[in-house]
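Shown next, in C-alpha cells, is the structure this report addresses.
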Amino acid sequence: MTVGRFVTGLLVGLIFCVSYADIFAQTAGSLVIAGNGPEQRTIEALARAFEKSNPRAYVDILWDENSKPLQLVTTGQAQIAVTGAEDPAFAATQIGWDGIGILVHLSNFTKEVTKQQVANIFSGKIKEWSELGGPETKILLIDRPRNQNIRDTFETQLGITGKIAEAAKVLGGDEVVVRTVVGTLPPLSAVAYISLSTGLSAVSDGVAVRLLPLDKVEPETPTVKDGRYSLRRPLLLLSKKEPNALVEAFSTFALSPPGQTIIGDMYVPMPKK
C-alpha cells in the first residue's frame, strides 16, 4: 500500500469514527417522560426498546393521573410530556392516534349515537336513555379528571368545554372506568368515554361492555386511522422548543418502524409516508 492510500484510508477511518461517536454521543444521557393518561404501558415499552438500542441512554417515566405533564416540562423535571393536544409554547411530535370510545354496559338498549347526542348526554341535555330509544332510566355520567388530556380532547371536539354536567362521577384510570360501568346498578344506566384501545381490549376479553358506533361509524382501528371515526385524539410528545438531542432521538425512534410497531400494539400508528 502506498503512503497516499494509507493516509487516505486513515482519514476515512477517522471521519467514520468521529461521525459514529457524534451519533452515539447524541443518544447518551437521561431523559424523563411525564404523562397522566392511558398511554403509560406503550410509553414504557418505547422507553425500554429505546434504551436497548441506545445503551448509554436512560429513560425515566413519571406517570401519575393527578400530575400536570406540561408543567413538569416547564419546570425542567421532565423533558417530554405525553399529551393529546398541542400547545403553542411547546414543540410537538405526533406518534400515533387513539380513538375515544363511548362505553356502555352490554345490556344497554342504545345501538348507536351521533356526535351531537354524545355532546347532549355529557352536557346534561339528555338525561334519560328513553330519549335515545331505551327505557326510562336515568343516565349515569362518568367523567374524567380535568387535568387528563383525554378529557380536554373530548370536550373540545364536542364543543362542550366546561359544560360537562356537575353530577357526573369523575374517575381516573380506564380500567376503573370499565369496572364501574360493569358494576353500576342498574347496569344499563352508566355511560363513559374511554381510550378506544382499552375499550376494544375489554370487549375482546369478554367484559360485559360495548362501544357505541358514532354517526353510523364503528369504533375500530381502521376507521380511526382514516378519520371516519371522528372522535379521536393524537398521541403527542411535547417538549421545549430548544434543541435537545436526546428528545429528538427518542421522537425519531418512536416514528421508526420498530417504534411504530410498539405503538401499534395499543394505538393506531402514523400512516406510512
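Some observations on this one:
- A cut-off of 5 Å between modelled amide H atoms, ignoring neighbours fewer than 5 places along the same chain, links W97 with L235, V268.
- Two tests apply to each whole DSSP H helix in the chain, Cα reach of 18 Å or more along its axis and mean Kyte-Doolittle hydropathy of at least -1.0, and the ones passing both are 3-26, 40-53.
- For K125, the lysines whose Cα falls under 28 Å of its own Cα, not counting residues fewer than eight places away in the same chain, are K111, K115, K138, K163, K169, K216.
- Relative contact order of segment 98-225, taken over Cα pairs closer than 8 Å and 6 or more residues apart, is 43 percent.
- Using the alpha carbons alone, the radius of gyration of segment 151-273 stands to its Kirkwood radius in an Rg to Rh ratio of 1.01.
- Relative contact order [Cα under 8 Å, 6+ residues apart], segment 210-273, whole percent: 27
- Value of Rg to Rh for segment 33-153, rounded to two decimals, is 1.10; Kirkwood radius and Rg both from alpha-carbon coordinates.
- Using C-alpha pairs below 8 Å separated by at least 6 residues, the relative contact order for the chain is 28 percent.
- Length gained on full extension, D64 to Q77: 3.3 nm, using 0.36 nm per residue less the C-alpha separation.
- Here is the size of segment 78-137 from its Cα atoms: Rg then Dmax, 17.5, 50 Å.
- Rounded to 0.05, the FRET efficiency of the R179 and K127 pair, given R0 = 25 Å and the Cβ-Cβ distance, is 0.55.
- Gain in span if fully extended, A208 to S256, counting 0.36 nm per residue against the direct Cα distance: 13.6 nm
- Loop-resident trypsin sites (Lys or Arg not before Pro) (DSSP state other than H, G, I, E or B) in segment 49-121 with no more than 13 further Cβ atoms inside 10 Å of their Cβ: R56, K111.
- Eligible lysines near K240 by straight Cα distance, threshold 17 Å, same-chain separation 8 or greater: K68
- Normalised per residue, the volume of the convex hull around the Cα set of segment 98-225 (Å³): 94
- Stokes-Einstein D (µm²/s) once Rh is taken as the Kirkwood radius of segment 213-273 over alpha-carbon pairs, at 20 °C in 1.002 mPa s: 161
- Stretch gain in nm, segment R146-E248, where the contour uses 0.36 nm per residue and the Cα spacing is subtracted: 33.8 nm
- Calculated from the alpha-carbon coordinates, the chain shows an Rg and a Dmax of 22.8, 94 Å respectively.
- 12 Å beta-carbon shell around R210, net charge (K/R +1, D/E -1): -1
Taken together, the values in this text are just the output of simple stated rules run on the coordinates, not laboratory data. Values in this document were obtained by computation on a predicted structure and should not be read as measured data. Here Cβ is always computed from backbone atoms with ideal geometry, including for glycine, and neighbour counts include all displayed protein chains.
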